[in-house]
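Colleague: Questions regarding the structure given below will be posed in turn.
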Amino acid sequence: MNAALIDVVKNMPKAELHIHIEGSLEPELIFALAQRNGVALSYTSIEALRAAYAFTDLQSFLDIYYAGASVLLTEQDFYDMTWAYLERAHADNVLHTELFFDPQTHTARGVEFGVFVSGIQRALKDAYTKWSMTGGLIMCFLRHLSEEEAFLTLEQALPYREHIIGIGLDSSERGHPPEKFVRVFARCKELGFHLVAHAGEEGPPAYIETALDLLRVERIDHGVRCIEDPILMRRLAHETMPLTVCPLSNIKLCVFEKMSQHNLLTLLDAGLVITVNSDDPAYFGGYMNDNFVAIVEALPVQRHHAQQLARNSFTAAFIDTDLKQKYLAQVDAFFAN
């Protein structure tokens with residue numbers, strides 16, 4: 001075990017660009033919010049809920065993920081959930097975070113748009129005040145729902161657009177290709193939002209191509225199956241298209257059987273802009289530093305890889321040039337010591 005490098009990856013400055021805030025909801029908080037809001041859960045204890053986190057694929061995870069989100073009803077609930085994540089991120093030396101949130105998961109339950117946006121945004125504001133941590137919100141459409149429903153969600157979001165930096169696409173990938181959402185993504189681009197999409201996790205490499213060509217995204221979330229298409233890999237490297245890779249998530253959802261098989265380092269060495277992220281950390285066994293430690297323990301990661309991963313996280317972030325340069329300088333100063 002490379003103890004020195006583990007210390008490096010834990011302490012280096014970093015950004016997180018692929019975190020579903022609802023996926024940071026720990027069992028303890030799920031039970032606390034359920035009690036606060038009088039929500040009945042189908043699990044008898046925290047231990048029983050955590051024991052259910054034995055996923056066989058993306059859909060088996062999503063079933064529990066949506067059940068967990070059912071306890072989120074008030075602005076304070078969303079604040080408490082977000083603040084708990086931000087405290088963990090700060091402890092992991094995350095200086096900037098871009099949070100995914102799923103409006104349709106909440107509006108379908110009768111929770112108004114302003115309730116969750118206000119709660120999440122207030123926590124981000126407090127993190128900036130307390131630690132100078134920067135952040136933004138990326139609203140995701142659920143791809144198992146229709147494009148018409150995505151358009152409706154977009155309309156609901158417009159009064160809050162000052163708080164939303166980007167639009168994403170998540171949920172069940174199989175059978176729901178990116179082209180299903182071409183029109184709504186075109187509208188989001190017209191409105192000036194940054195665009196990202198989950199592609200090439202369980203879906204084929206072709207989903208990555210259509211996300212690039214038809215949705216015109218600026219980042220690919222996951223994207224690890226690009227390795228099956230050498231031409232696509234070269235394109236991603238040439239276009240410096242960031243991939244927000246989530247190592248522990250990939251193991252938990254059986255994209256790879258074990259971490260030693262993960263292709264993250266292969267992609268990084270091939271010149272792709274790879275970043276490390278936690279995805280749904282409450283469900284997948286770890287936050288940012290847990291993911292970095294896992295790859296250092298299982299893969300031949302070197303110090304220069306760690307520096308590149310840290311730099312990539314800020315290079316790929318949706319922040320202005322001055323802030324980006326400030327963060328990159330902090331990374332380089334850290335590694336110069």
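Colleague: Can you run phi through the Karplus equation (6.51, -1.76, 1.60; θ = phi - 60°) for the range 282-293 and list ³J(HN,Hα) in whole Hz, with x for Gly and Pro?
Modeller: 5, 9, 10, x, x, 8, 4, 5, 4, 5, 5, 4
Colleague: Describe numerically, in nm with one decimal, the distance between label points set 7 Å from Cα along Cα→Cβ at ALA54 and at SER132.
Modeller: Reported label-point gap for ALA54 and SER132 is 4.7 nm.
Colleague: I want to check the label-to-label distance for ARG122 and THR44. Put each point 7 Å from Cα in the C-beta direction and report it in nm to one decimal.
Modeller: Going from the ARG122 label point to the THR44 one covers 3.7 nm.
Colleague: Quick one: Cα centre-to-centre distance for the range 106-140 and the range 293-323, in angstrom?
Modeller: Comparing the Cα centres of the range 106-140 and the range 293-323, I get a distance of 25 Å.
Colleague: Return the sequence-ordered ³J(HN,Hα) values of the range 21-28 in whole Hz as given by the Karplus equation 6.51 cos²θ - 1.76 cosθ + 1.60 applied to θ = phi - 60°, using x for Gly and Pro.
Modeller: Whole-Hz 3J(HN,Hα) from phi for the range 21-28: 4, 5, x, 9, 7, 6, x, 4.
Colleague: Still on this structure, I have one more. List, in order, the whole-Hz ³J(HN,Hα) value for each residue of the range 5-17 obtained from phi through the Karplus relation with A = 6.51, B = -1.76, C = 1.60 and θ = phi - 60°; use x for Gly and Pro.
Modeller: Ordered by residue, 3J(HN,Hα) equals 6, 4, 4, 4, 5, 5, 9, 5, x, 7, 10, 10, 10 Hz.
Colleague: Another one. Taking the range 228-337, which trypsin sites (Lys or Arg not before Pro) meet the DSSP loop condition and have no more than 15 other C-beta atoms within 10 Å?
Modeller: Of the trypsin sites (Lys or Arg not before Pro), the ones in loops of the range 228-337 whose Cβ has at most 15 other Cβ atoms within 10 Å are LYS258.
Colleague: Here is a follow-up. Given a Förster radius of 22 Å and the C-beta distance between GLU155 and VAL182 as r, what FRET efficiency does 1/(1 + (r/R0)^6) yield to the nearest 0.05?
Modeller: My answer for the efficiency is 0.80.
Colleague: What number comes out for the charge environment of GLN302, summing +1 per Lys or Arg and -1 per Asp or Glu over other residues with Cβ under 15 Å away?
Modeller: -1
Colleague: What are the GluC sites (Glu not before Pro) within the range 222-327 that DSSP puts in a loop, where the Cβ has at most 13 other Cβ atoms within 10 Å?
Modeller: Here the GluC sites (Glu not before Pro) that fit, given the DSSP loop and packing criteria, are GLU239, GLU257.
Colleague: Using amide H atoms built in the peptide plane, which far-off residues or other-chain residues are under 5 Å from PHE55 H to H?
Modeller: Excluding prolines and chain starts, which carry no amide H, there are no hits.
Colleague: Separation between the THR74 and GLN325 pseudo-spin-labels, each 7 Å from Cα along Cα→Cβ, expressed in nm?
Modeller: A separation of 4.6 nm, rounded to one decimal place.
Colleague: Placing +1 on the Cβ of each Lys and Arg and -1 on the Cβ of each Asp and Glu in the range 3-336, which of ALA150, ALA4, LEU248 has its Cα farthest towards the positive end of the resulting dipole?
Modeller: Most positive-ward Cα: ALA4.
Colleague: Go through LYS189/LYS258; LYS180/LYS324; LYS10/LYS130; LYS125/LYS324; LYS130/LYS324; LYS14/LYS252 and tell me which ones have a Cα-Cα distance over 26 Å in this structure.
Modeller: Distance filter (> 26 Å) returns LYS189/LYS258; LYS180/LYS324.
Colleague: Which loop-located trypsin sites (Lys or Arg not before Pro) does the range 88-197 contain, where loop means any DSSP state but H, G, I, E or B and the Cβ has at most 15 other Cβ atoms within 10 Å?
Modeller: ARG109, ARG174
Colleague: Dipole of the chain, Cα-centred, from +1 at each Lys and Arg C-beta and -1 at each Asp and Glu C-beta, to the nearest 20 debye?
Modeller: So the magnitude is around 560 debye.
Colleague: Taking the Cα centre of the range 3-336 as the origin and placing charges on Cβ (Lys, Arg +1; Asp, Glu -1), which of THR275, VAL196, LEU212 is farthest toward the positive end of the dipole?
Modeller: THR275
Colleague: To continue, here is another question. For GLU228 and GLU87, compute 0.36 nm times the residue count separating them, minus their Cα-Cα distance, and round to one decimal in nm.
Modeller: Gain in length upon complete extension: 47.0 nm.
Values in this text are rule-based calculations from the coordinates and carry no lab data. A quick note: this is a predicted structure, and the numbers were derived from the prediction, not measured. Every residue, glycine as well, gets a Cβ built from its backbone with ideal geometry; the counts of neighbours run over all protein chains shown.
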